[in-house]
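The values are calculated or read from the model by the stated rules, or taken from the named source; none is laboratory data. The shown structure was predicted, so the numbers you read here are calculated from the model rather than taken from an experiment. Positions of Cβ are backbone-derived with ideal geometry, glycine not excepted, and every protein chain shown enters the neighbour counts.
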Amino acid sequence: MPSIRQARASAVVGTLSCLVLLGTACSGGGNTASSATKGVKINVALHIPSPPKASLDAFTKATGITVNWTNIDWDSLQTKIAAGSTAKTYFADATDVDWSRVGQLGKLNWFYPMETYVDTKSLGADMPQLASFTIGGHVVGIPFDASFLVTTVNKKMFTKAGVTKMPTTIDQYTQDLKQIKAKGGVQYPLNIPFAAAEGLSTYWYQTTAAFGGTILDGQGKPQFATPDSPGYKAAQWMVDALKQGLVPPGNINVSDSQGQQTLMAQGQVASVFGDYSGNVGSLYDVPSSSKVVDQVDYLATPGVSGPGPNVSNPDGIGIPRTAKYPAAAAKFIQWFTSAANQADFAGINGPDKALKSYNFPSRLTAVDQLAAKGKLIKGSALSAMLKSSARPVFPAGAPSWYPQFSNAVYTNLHSAATGSLSVDAAIKAIAGTANRLASGG
Amino acid sequence: MAVRTRRRIRVRWFGVAFILLWSLVPIYWTINTSLQTEAQAGGKPSHYLPPTPTLKNYTSLLGGSGAVPDQIRRSTINILVECGAATIVTVLLSTLAAYAFARMTFRGRNVLFYTVLGTMAFPAYTTLIPLYRILGDFGLVNTYTGIVLVYVSGFLPLATWIMYNYLTSLPSAIEEAGQVDGANRIQILWHVLLPLALPGIVSTAIITFLFSWTQFLFPLVLSTDLSTQPLTVVVQALQGQHVVPSTLLSAAGVIAIAVPAVIGLTLNRYIVSGLLSGSVK
């Protein structure tokens, strides 16, 4: 049997351990940011692969900052950002800022305002999508990948069906799709990803923009609730396309990237209305993944009475408040988003300097350089869209409650597509959610 | 009657076949893909059997050079270290704790025991942020120690419960015989009880190891780079890149499930007996 002295000693040790743990739990998190920019090692956590080692070595040589690149998939990265920021615990010095999270991040103050470290005002002219990362006058992240939604068409199928002039309006586009179906070119000519996932939401945003409208106003109030509104018409058009047999019935469970890879790239459909910018070069013209090489082209968004806009869903990079070396991280971000590096990452100087899975530079000068050198497939068309028609999904910035809103969008539109809800009921449900969230409910 | 029995058997077999297919087809498809070339895997129609089975994906992952093989190898070492250490520490602590609860009399024993068991009712994820913060303050984020400590804290209550049930099922007369022979508690535990409780210890170790192996969210948050990221986190990260060939990803997936599959298939009797221990007295 243990002696009384041993028992007391155990009790003292136990009590002290509890006090230490309690003290720790109540402490301030223990993070102290350093302004050092020389001889430091920063962690960069992103969902894309690392730039080539030689590029990172060159950065280290020039700045004295060593970069430790951690690759984490997008969803997991959002979890890490939320966990690190909530626990006020360091996990990276620079990380992803997705356009759809800008409202949340701005409200929660989880990221340093980039204008503290970078001259963001001068960047705006060369980075049209910087607006998507600005909330409450602060820039939360710098876009490094100018993703925006575009319409892609299989020219061969359109031509075969007798379409000699590419459509510029949505009515003409719909008529051409019907003609392709009627002429037997392809049974289901249009890809709409009706799976209950984010891709369905963004497809609707793009279609709404094509119909000449926006989703929410500056106060977060829905702009799509009435039957004559563009958002309502867009939802009706999407569901009608499915009912009229323009969209494969199986698309009820097809996500955006699945549809692009298994339908459009395999020649099963003739068009994607809300496709990814850069997909022609990175997917449709790649023989190992496509049966429609040299057949697909970008089309200026068919709008109400002429070409419409392209909504942006770019990726950005920012500095979390828990960063150890924010100033060094800012130097890295400036380097990473510089025009020269963006052109390199997109392959202007060959595959050795390119960044795998990098879609499209966010800087116009980089896009122009690539297009001029013929290094960007359909570069001039993409460059023109980025300059003139790309615009944020939410002009006033994504609301802080965007994830709940998007969830309501894709679940209700999915239900409308399956027939368990009417379009009217789906739109009312989405609008109700937006109103509730906007009023703080 | 005989017809009804035959029908019942048929329904039962149909149910078993359905569950087996439901569970095994995705695993089979992963193995099938991992044994094909990228061109074969992407071809239409799909191959239900690898046309020319190849181990190239495995050899390139386990022996090749490049970023992806490096990540797979390093994360495999990480997961083995983390799960192995968590298992050893958990078994050690749970055995001692279970012995104290099963055989020693002290004030508050029952309250303490049921409090330990009660922690199993808490959803583990509710502790993620506090644990993350505590580990951050102690400088244990992105360390083997931190991850192992979290695993141990998570699996200790279940392990203690399993060991407690084993130890209480052993007749106390054996222990009393040891006392009569002049052995102290540690000697009795080491020389008498532990050999008898070996099946329980093996069960506890296997269950702890398997539970640790399948962790994703905790190591995702608690590790910041490849120095501690386990295989489960790295395979998911590779999947998210969209540039790693599906055949290579499938091979990585097979590697990730190989160890638990072998353990589960060869030692399943210990897992069952461990989880059922104490359910029948």
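Remarks
- None of A:Lys165, A:Lys156, A:Lys181, A:Lys160 is surrounded by 17 or more Cβ atoms within 10 Å (Cβ to Cβ), among the basic types (Lys, Arg) and either under 25 Å from A:Val272 (Cβ atoms) or touching a Pro at 6+ places or on another chain (Cβ under 6 Å) (or both) except A:Lys181.
- Count of region B:81-114 residues, restricted to those that are over 27 Å from B:Ser223 (Cα atoms), free of Cβ contacts under 8 Å to residues at least 24 places away in the same chain and away from every other protein chain (no Cβ under 14 Å), is 3.
- Within region A:254-263, considering residues that are assigned to a helix (DSSP H, G or I) and touching a Leu at 6+ places or on another chain (Cβ under 8 Å), the one modelled with the lowest pLDDT: A:Gln261
- Single condition A:Thr66 does not satisfy, out of (1) surrounded by fewer than 19 Cβ atoms within 10 Å (Cβ to Cβ); (2) part of a strand (DSSP E or B); (3) at the interface with another protein chain (Cβ under 7 Å from one of its Cβ atoms): (3)
- Residue match in region A:423-437 (condition: among the polar types (S, T, N, Q) and more than 19 Å from A:Thr207 (Cα to Cα)): yes
- The residue pairs whose first member lies in region B:39-67 and is within 14 Å of chain A (Cβ to nearest Cβ), whose second member is exposed (fewer than 10 other Cβ atoms within 10 Å of the Cβ) and at pLDDT 80 or above, and whose beta carbons are closer than 9 Å, counting only pairs six or more residues apart or on different chains, are B:Gln40/B:Thr52.
Residue by residue, here is whether (1) modelled with pLDDT of 90 or more; (2) surrounded by 19 or more Cβ atoms within 10 Å (Cβ to Cβ); (3) part of a helix (DSSP H, G or I) holds:
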site	(1), (2), (3)
B:Leu220	yes, yes, yes
B:Leu249	no, yes, yes
B:Ala258	yes, no, yes
B:Leu265	no, no, yes
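- When residues of region A:82-99 are limited to those that are of a type in the set (A, V, I, L, M) and not in a strand (DSSP E or B), the one nearest to the chain's Cα centre (by Cα): A:Ala82
- From the list A:Ala346, A:Ala425, A:Ala354, A:Ala371, the lone residue that is more than 27 Å from A:Trp74 (Cβ to Cβ) and outside the structural domain of A:Asp275 (by TED's automatic domain parsing) is A:Ala371.
- Hits in region A:69-81 - residues which are in a helix (DSSP H, G or I), at the interface with chain B (Cβ under 7 Å from one of its Cβ atoms) and closer than 14 Å to A:Ile317 by Cα: A:Trp74
- Tally, over region A:43-63, of residues that are more than 25 Å from the chain's Cα centre (by Cα) and either within 12 Å of chain B (Cβ to nearest Cβ) or part of a loop (DSSP other than H, G, I, E, B) (or both): 1
- Failed condition for B:Leu128, given (1) within 14 Å of chain A (Cβ to nearest Cβ); (2) free of Cβ contacts under 8 Å to residues at least 12 places away in the same chain: (2)
- Within region B:15-38, not a single residue is without any contact (Cβ under 8 Å) to a residue 40 or more places away in the chain, within 14 Å of another protein chain (Cβ to nearest Cβ) and touching a Ser or Thr at 6+ places or on another chain (Cβ under 8 Å).
- Where B:Glu175 falls short, out of the listed (1) at pLDDT below 90; (2) part of a loop (DSSP other than H, G, I, E, B); (3) not aromatic (Phe, Trp, Tyr): (2)
- Sole exception among (1) more than 19 Å from the chain's Cα centre (by Cα); (2) small (Gly, Ala, Ser); (3) over 24 Å from A:Lys53 (Cβ atoms) for A:Gly274, by number: (1)
- Among the conditions (1) of a type outside the set (A, V, I, L, M); (2) closer than 30 Å to A:Trp237 by Cβ; (3) touching a strand residue (DSSP E or B) at 6+ places or on another chain (Cβ under 8 Å), A:Ser362 misses just one, which is (2).
- For region A:270-277, the criterion of a residue being part of a helix (DSSP H, G or I) and under 22 Å from A:Val293 (Cβ atoms) is satisfied by no position.
- Contacts under 7 angstrom Cβ, first residue in region A:297-311 being under 19 Å from A:Thr202 (Cβ atoms), partner basic (Lys, Arg) and not in a strand (DSSP E or B), 6 or more apart: A:Tyr298/A:Lys378
- Elements of type helices (runs of 4 or more DSSP H) contained in region B:1-104, each with 2 or more residues being in contact with a Leu (Cβ under 6 Å, 6 or more places away or on another chain): B:67-103
Here's the yes/no breakdown for (1) without any contact (Cβ under 8 Å) to a residue 12 or more places away in the chain; (2) within 14 Å of chain A (Cβ to nearest Cβ); (3) in contact with a Phe, Trp or Tyr (Cβ under 7 Å, 6 or more places away or on another chain); (4) not hydrophobic (A, V, I, L, M, F, W, C):
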| position | (1), (2), (3), (4) |
| --- | --- |
| B:Val192 | no, no, no, no |
| B:Pro199 | no, no, yes, yes |
| B:Val202 | no, no, yes, no |
| B:Phe218 | no, yes, no, no |
| B:Asp225 | no, yes, no, yes |
| B:Leu249 | no, yes, no, no |
| B:Asn268 | yes, no, no, yes |
| B:Leu275 | no, no, no, no |
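- Those residues of region B:227-247 which are assigned to a helix (DSSP H, G or I) and within 13 Å of another protein chain (Cβ to nearest Cβ), in sequence order: B:Thr232, B:Val233, B:Val234, B:Val235, B:Gln236, B:Ala237, B:Leu238, B:Gln239, B:Gly240, B:Gln241, B:Ser246, B:Thr247
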